[in-house]
Amino acid sequence: MAAVDLADLGLDEGGHLLVARAVAALAPGERLTVTGRHPALRLHLAAWCRASGHQFAGDGTPAVVKGGAADRRWAGAARAGDAAGPPEARADQRWGLAARGALVEAGGPPLGAHWSQREHVWADIAPQLYAAAAASQWDPATAVDWAAPAVAVPADIERAVVQLMTYLVENEQAALVIPARLLSQLHPHYREVMQLLASQAADEARHVEVFTRRALASGGPLGTSSAGGRASLQTLLDEPDFTTASFLLSVLGEGTFLDLLRFIADHAPDRVTADVTTLAARDEARHVAFGVSHAAHLAACDRSYLGTLRQAVERRHAALQDTAGLNAEVFDSLVLLAAGSWAPAAIRHGWQAVRDLRARMDEGRRRRLAYIGFPDDEATELSALHTRNFM
Amino acid sequence: MNVLLGAVAYDQKVVTIWNGFRTWLRACGLDFDYVLYSNYERQVEDLVNGRIDVAWNSPLAWVRARRLAARRGVPLTPLTMRDTDCDLRSVIVVRSDSAVRSASDLAGRIVATGAVDSPQATLLPLSLLRSLGLSPGPEAAGPCGPGAGVTVRRFDVGVGLHGDHIGGERDAARALFAADPAGRVDAACMVDSNLLLFGREGTLPAGSVRVLAQTPLYDHCTMTAHGASPGIARLGELLLGMDYADAALRPLLDLEGLKEWRPPRLSGYAPLERAVDEAGFYDADGEVTAAGYRP
Ligand SMILES: [Fe+2]
Ligand SMILES: [Fe+2]
């Protein structure tokens, strides 16, 4: 017969853990004798048995007769998928916020997460991308040499830098809000995607910080924000579907931004401008990688989804047709930045550089679209429909 | 088949519990509803008068219902009780270092109890003292003289709830260690499960008290019907069939404090019947005779 000895330990100071552990090993109806020297042992044990669904047998050495109901709490429990393995194709809302692989007691409120199907959120590279993101977090206070001796940046070039930073902050804010919104509706069973989106939002928060700080460095007012630019970003915020939102933001928008950030870094008149854009571009590469891998993953599962993505690009293009698209002052600032001065020959050079930039942006978009599964001609067509605002 | 049940709203969770049970019982085809009472006395009167079909009664409410019904010739049907209502015990405890070694040492001392209408923390422990030859009397009666007198200091929290609110019981336990000597008591009364609870939560730190005396076993709440009807019978069947494995019911059963409903038994109320008579709480016909009891 099973027995447990509590020595002088009382059930009011943890003794019930030993009793419960021993009872757990029994089948209903089986008996556990409990010995110990605590003066209130019998009283405590009787009360504990009653509350725990067991029978107290008080004749002679006190004993617990295991009740039938106690284990029934776990009768309908199920594992929330496999902790080590790949996530399930469908995440059950009843799993709620339970860890992947946890044994989930039946009952409790269902989660109501909008994105609960693997193919609609997943990419096989998500775990590696999250690991890379976690390993690559940088501290804006120390990653940029804010105290670097300021080269004398000519006033007009400085104005151009401030305008570009003002524009970047606006775009980074859109890029922060969108993954945060997707995150709030994502079933946490897709843990790695949740973690990746969270780190993506944190990346954008740093980008907002460093671009703001660079914009304010020369003490002047910030640049302008155009209605057309904001209209373009608003269409991203309004995109209701996970994959199309991720596609428009990360594949087309952030993909285009990769070239833009490198361009600004290459033509930066000062060290800080070069540093902040280089650091941001490094993070953006991960955001783009997830967007591309996820869209490719879904398209591989369901070819017809390419049509949905195509429609999203066309719809956005139509919505923006009557807007100015890019803030003219941003475009002019890019030219001046590359030119380095107002000298006619320099401006010609700057103009060429920006034209080359747009060609590189287009080439990058076409390459990514082709990777996702679009035929070359369609990729060319869709790339051309991308917003003039870059993001 | 419709059934109206009365329950006492001793806590907000009572609404959650009976709303949940109502949904489940109706889904099983029983036209069930409930009403809430602010105290057990009115619920018992309404049960006996037939205003409700079923009452979820405290043990003291059962004693009164039985007496009222017997006088008026109303048949009552016990329906069910919780697994946790069977075989309780109350205890009288003193501080571990107390000079009080046996119940008779309590003569001339102060014993703290729960509310005036608490079976487990007042009526039954005081009956225990009487059975041990002591004469518990209210503090208002003045200091007890030499002899077997014991001064009772009541902690009247939730009067009318028949001790369902354990605040008074906890206050009585705390009074064992009151910093102010005038507020300190020599012994305190509580049910065994609260002895364990107060120990675990630290109200009575481990090793701080010694059990001086304990009552015989007794039973607690019981569900009682007025007469019998197919609806009442069906309610009894459905309650007894509630399964702790049912995810919709389990949170409600947890709130109500049971794993399963048991067939009712009436063998566990004799000690309380005796305690009620000794204290003059109700008369033989079930009228309230307790002095100063106003639920
Ligand atoms: Fe960014
Ligand atoms: Fe980004």
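Among B:Leu196, B:Leu47, B:Leu124, the largest mean-square fluctuation in a Gaussian network model of chain B (Cα springs under 10 Å) belongs to B:Leu196.
Using DSSP to call loops (not H, G, I, E or B), can you name the trypsin sites (Lys or Arg not before Pro) in the stretch A:1-56 whose Cβ has at most 13 other Cβ atoms within 10 angstrom?
Details: sites: A:Arg21, A:Arg31, A:Arg37, A:Arg42, A:Arg50; in loops: A:Arg37.
Loop-located and lightly packed - A:Arg37.
Among A:Val208, A:Val272, A:Val153, the largest mean-square fluctuation in a Gaussian network model of chain A, built with springs joining Cα atoms closer than 10 Å, belongs to A:Val153. Among the residues of A:47-54, the average count of other protein chain beta-carbon atoms within 10 Å of the residue beta-carbon is 6.
Filter the trypsin sites (Lys or Arg not before Pro) in the stretch A:253-359 down to the DSSP loop ones having no more than 12 other Cβ atoms within 10 Å, then list what survives. Walk me through the intermediate numbers first.
Numbers: sites: A:Arg262, A:Arg271, A:Arg282, A:Arg286, A:Arg303, A:Arg310, A:Arg315, A:Arg316, A:Arg348, A:Arg355, A:Arg358; in loops: A:Arg303.
Filter output for the stretch A:253-359: A:Arg303.
Can you give the average number of partner chain beta-carbon atoms within 10 Å of each beta-carbon in peptide B:189-198, as a whole number?
Values: counts 0, 0, 1, 9, 7, 1, 6, 12, 3, 1.
For this peptide, the per-residue mean of nearby foreign Cβ atoms is 4.
Ordering A:Leu216, A:Gly53, A:Ser136 by Cα displacement along the dipole of chain A toward the positive end leaves A:Gly53 in first place; charges were set at the Cβ atoms of Lys, Arg (+1) and Asp, Glu (-1).
With N as its number of residues, the stretch A:17-129 has a Cα radius of gyration that, divided by 2.2 N^0.38 Å, comes to 1.60. In plain terms, the residue of A:His114, B:His165, A:His207 with the fewest other Cβ atoms within 10 Å comes first and the most crowded comes last, giving A:His114, B:His165, A:His207.
Just to check, using Stokes-Einstein with a Kirkwood Rh over alpha carbon pairs, what's the diffusion coefficient of the protein assembly as shown at 20 °C and 1.002 mPa s in µm²/s? The partial results should precede the final answer.
Working: Rh = 31.4 Å.
This corresponds to a translational diffusion coefficient of 68 µm²/s.
What fraction of the Cα pairs in the stretch A:78-385, stated in percent, has a spacing above 25 angstrom? Walk me through the numbers on the way to the answer.
Working: 24790 of 47278 pairs.
Summing the P(r) of the stretch A:78-385 above 25 Å gives 52 percent of all pairs.
For chain A, the longest principal axis of the alpha carbon atoms and the long axis of helix A:271-301 meet at an angle near 60°.
Considering only alpha-carbon pairs that sit under 8 angstrom and 6 or more positions apart, the relative contact order computed for the stretch B:238-294 is 20 percent.
Throughout, read-outs are computed from the coordinates displayed, never taken from laboratory work. Note that the coordinates shown come from a computational prediction; the quantities given were computed from them, not determined experimentally. Cβ: placed from backbone, ideal geometry, glycine included. Neighbour counts: every protein chain shown.
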